[in-house]
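> Submitted below is the structure of interest, expressed as structure tokens.
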Amino acid sequence: MKEFHVLLKAHFQLREAEDYRNGLLVSTLYNIHDDSGRTWQPKDFMPDYGLDDQTGEQKDWVSIKQKAELLNALFGGTERPV
């Protein structure tokens, strides 16, 4: 079980490093081409994996579902029964 925990931790560290690398690339491009004067950071383009913005804790499935429904409606999507 210890080995699995170590592998899982390494996997999440690698995923975070990949997300940071992609965020760095995108933030660099935005800083070069954006005329708004805002300085973009890599964290602006990194996923939060369901973490609440204020508390940093994991969001519950209900709030994630509500946000998905809102985005679906904003982009003109239709709901399909599951």
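The values are calculated or read from the model by the stated rules, or taken from the named source; none is laboratory data. Keep in mind the model is a prediction, meaning the values are calculated, not measured. Don't worry about glycine lacking a Cβ; one is built from the backbone with ideal geometry, like all the others, and counts go over all protein chains shown.
> Please go through the range 28-82 and give me each residue that is in a strand (DSSP E or B) and either touching a residue at least 12 places away in the same chain (Cβ under 8 Å) or touching a Gly at 6+ places or on another chain (Cβ under 9 Å) (or both), ordered by number. Explain how you work it out, then say what you get.
Keep residues of the range 28-82 that are in a strand (DSSP E or B), which gives 51, 58.
Within the range 28-82, 58 is the sole residue that qualifies.
> In a helix (DSSP H, G or I) and within 21 Å of residue 12 (Cβ to Cβ): does that describe residue 25?
Values: in a helix (DSSP H, G or I): yes; within 21 Å of residue 12 (Cβ to Cβ): yes.
Spelling it out, residue 25 is indeed in a helix (DSSP H, G or I) and within 21 Å of residue 12 (Cβ to Cβ).
> Right, here's the next one. Which number in (1) within 28 Å of residue 63 (Cα to Cα); (2) loosely packed, with under 13 Cβ neighbours inside 10 Å; (3) in contact with a Phe, Trp or Tyr (Cβ under 7 Å, 6 or more places away or on another chain) marks the one condition that residue 31 misses?
(1)
> Considering only residues that are surrounded by 11 or more Cβ atoms within 10 Å (Cβ to Cβ) and among the basic types (Lys, Arg), look in the range 37-64 and name the one that is modelled with the lowest pLDDT.
Among those that are surrounded by 11 or more Cβ atoms within 10 Å (Cβ to Cβ) and among the basic types (Lys, Arg), it is 59.
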